[in-house]
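J.: Dropping the structure in here first, questions after.
The values are calculated or read from the model by the stated rules, or taken from the named source; none is laboratory data. Model, not experiment: these values are computed from the prediction. No Cβ is skipped: glycine too gets one built from the backbone with ideal geometry, and neighbour counts run over all protein chains shown.
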Amino acid sequence: MAAPSGAASCEDFAEFQELLRVMRTIDDRIVHELNTTIPTASFVGKIDASQTCKELYESLTEAHTSRERIIKNCIAQTSSVVKTLREEREKAQDDVALLKQLRKEQTKVSDGTYQRPLREEEIV
């Protein structure tokens, strides 16, 4: 079960969460995956258990790596936006809309909007 290859949209957090949910399907179905990977006594001679277990392990590793990469990419993108907005804010101190946008982006980075999924990945 491979991870979706689509690029994550970091601007829409709901879309980002949905992408992670879909990518976590293999983890959520691990019992099913193990049951279908490890052969029963009647299929022991017909299926190479070590190869199928290796493939399952590689799929899990790939899924974890992909999710971590997407999360870190969103953190980096948002941090870059914050940096740009800070620079703009220094030039236009009276721009209230710019200040609101800056605070919104800072919140994404500092309150865990993107940090929380990264911590969840560490747990998984």
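J.: Of the residues that sit in region 47-83 and are closer than 26 Å to ALA14 by Cβ and of a type in the set (Gly, Ala, Ser), which one is surrounded by the fewest Cβ atoms within 10 Å (Cβ to Cβ)?
T.: So, considering only residues that are closer than 26 Å to ALA14 by Cβ and of a type in the set (Gly, Ala, Ser), the one surrounded by the fewest Cβ atoms within 10 Å (Cβ to Cβ) is SER80.
J.: Hey, could you check region 7-38 for residues that are modelled with pLDDT under 80 and in contact with a helix residue (DSSP H, G or I) (Cβ under 7 Å, 6 or more places away or on another chain) and say which is farthest from THR107 (Cα to Cα)?
T.: Within region 7-38, the match that is farthest from THR107 (Cα to Cα) is ILE38.
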